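Peer 1: Attaching a single structure in structure tokens format; questions to follow.
The values are calculated or read from the model by the stated rules, or taken from the named source; none is laboratory data. A quick note: this is a predicted structure, and the numbers were derived from the prediction, not measured. Note that each Cβ is placed from the backbone with ideal geometry, even for glycine, and that neighbours are counted across all protein chains shown.
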Amino acid sequence: MQALLETLPHEFQQFREIVQSFAKLVLQFRLFPARHPAVERALSIAHAHLDSALQRKKSVKLLFSNGVMYCINFELNMTDTDDKAMHLLRETLARHAIGEIEFMKGATKEELGSLASIIAAAPGQDRSAAVASLGSVIQNIRVRHGYKPEELDAGEAGDAAERKPDKCPPAKGGRTGNGDSKMGKIVRGMLDHLEKIQSKEGTKAGARILEVVEREAGNTATILLLSSLREYDDYTFSHSVNVAVISAAVAKSLGFTDEFVDAIAHAALLHDIGKIYVPREIIHKGGRLTPSEWQAIKRHPVDGERILREERLDLVCRRVAYEHHMRHDMTGYPTPKEGYEAHKASEIVRIADTYDALTTKRPYRRQINPYDALKLMVKSAGTEFHKDYLSAFLHVLGNIPIGSVLKLNTGETVLVVDISKTNDHLPRVRVLKDASGNEVTEEIIIDLNEREPITKKLKRQITLIVEQSVRDVEIGQYIVS
């Protein structure tokens, strides 16, 4: 093989670029509508690579068998990679029983896009009839079915056919050598900067989220969707991680089984997946939304449920995606039929979703401090939020939640970094400014429950909860061990 690479490096490079760019095109068709900019960009790149190869050839023939792509004397193992697009292409070709794709001179962007859109269909979509009729709609691309390793023509595959694996090894699912998946490392990084929840409940919930992500690392659909959400918008991805941690902590405090808590965590991570169909400029718009823009936002629960259904995700994931904007009194959106009841997982995720949205700065509105966010949410107990679930949420966050900035009778300004882990009701705080108003750079942690040894009176008392939230202090370091 090395000798072949030395004599034909350009042809091998072209082969690899064609396969990789086509895989990315299939991925974009799986995620976005046909006219989405991401699809158009991927289509242009894939067609450019193909057109370049066809300048000197009448056709480019790709043979696929057992997870390996062959072209002339070259082979490309599609299982031995961390590229999610390659794994998706391998799975879709195998599912449609496609053994050969031949691109002929004159193949157009439209034909390439038609092929990619058809084979990109999610497992829940039956596109077998469309695949079978490709020849009638695409003139310059031929698709043949059912090649087995022993049926590969020696003249086409050369000695590569003799070395092809007996069976397709399991997909790596993006795992790295140290046992942590790529997505697991990304989520771990998000948890290291999480600002919304602390305490032992928060630590356990964060660890549970990582366990869920690692367990799903072999599930191409889940990792594909999380990756696409991260590529779509950093805020939406970090928001989803925040919501998952809060939801898991609340569910655990309510006494649900570990299996159900994991299911809620998984669903919360994907609750906003439908937003990948909302143009980014709408998500990041600073002013008031137009009626059509607001309708685009309101469609994301419906799109989310459809995406998860097509990817064959479980019922809890699908219902949370569909219901997380339904209020407890069944107002909100989408509008349910009379007598409809939201899933309990959706009720929990809605609470976490609202809290995170209120306490995070967004282009279209200012954030509010955690204490005021809780006061605002309590007013909607029983109407917007399930009373019992909201009570559990308040218990997990504490009377004065993490991230609140307080003024003390000593003159100090402090940041709440931990709720009480005992029966005492006051939090632990970090000093931001001393009694003279000077900023404190070193980490000084104080327990506000501390009392004078003789009088037994509290050493410090809260005089004011400061309205301005703080975002330049990394309180995430206190959250997940």
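Peer 1: Report yes if Ile264 is within 13 Å of the chain's Cα centre (by Cα), at pLDDT 80 or above, crowded, with 21+ Cβ neighbours inside 10 Å and assigned by TED's automatic domain parsing to the domain that holds Asp356, otherwise no.
Peer 2: no
Conditions (1) closer than 24 Å to Val466 by Cα; (2) buried (at least 21 other Cβ atoms within 10 Å of the Cβ); (3) in the same structural domain as Val250 (by TED's automatic domain parsing), marked per residue:
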residue	(1), (2), (3)
Glu341	no, no, yes
Val349	no, yes, yes
Ala352	yes, yes, yes
Lys361	yes, no, yes
Pro370	yes, yes, yes
Asn399	yes, no, no
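Peer 1: Then there's this: Listed residues Ala381, Ala435, Ala392; which is in contact (Cβ under 8 Å) with a residue 40 or more places away in the chain and either assigned by TED's automatic domain parsing to the domain that holds Val466 or closer than 23 Å to His328 by Cβ (or both)?
Peer 2: Step by step, each of Ala381, Ala435, Ala392 is checked, and only Ala392 is in contact (Cβ under 8 Å) with a residue 40 or more places away in the chain and either assigned by TED's automatic domain parsing to the domain that holds Val466 or closer than 23 Å to His328 by Cβ (or both).
Peer 1: On to the next question. What single numbered condition from (1) closer than 23 Å to Thr360 by Cα; (2) crowded, with 16+ Cβ neighbours inside 10 Å; (3) free of Cβ contacts under 8 Å to residues at least 60 places away in the same chain fails to hold for Thr290?
Peer 2: Only one criterion in (1) closer than 23 Å to Thr360 by Cα; (2) crowded, with 16+ Cβ neighbours inside 10 Å; (3) free of Cβ contacts under 8 Å to residues at least 60 places away in the same chain is unmet by Thr290, namely (2).
Peer 1: Here are some residues: Lys252, Lys275. Which one is buried (at least 23 other Cβ atoms within 10 Å of the Cβ) and either of a type outside the set (Lys, Arg) or part of a helix (DSSP H, G or I) (or both)?
Peer 2: Working: Lys252 fails: buried (at least 23 other Cβ atoms within 10 Å of the Cβ).
From the options Lys252, Lys275, the qualifying one is Lys275.
Peer 1: Being surrounded by 12 or more Cβ atoms within 10 Å (Cβ to Cβ), in contact with a strand residue (DSSP E or B) (Cβ under 6 Å, 6 or more places away or on another chain) and either part of a strand (DSSP E or B) or at pLDDT 85 or above (or both) narrows it down to one residue among Val470, Val414; which is it?
Peer 2: Matching residue, one of Val470, Val414: Val414.
Peer 1: For the stretch 310-410, please list each of the helices (runs of 4 or more DSSP H) lying entirely inside it that holds at least 2 residues being within 21 Å of the chain's Cα centre (by Cα), hydrophobic (A, V, I, L, M, F, W, C) and at pLDDT below 90.
Peer 2: Values: elements: 315-323, 344-358, 370-378, 387-397.
Correct list: 344-358.
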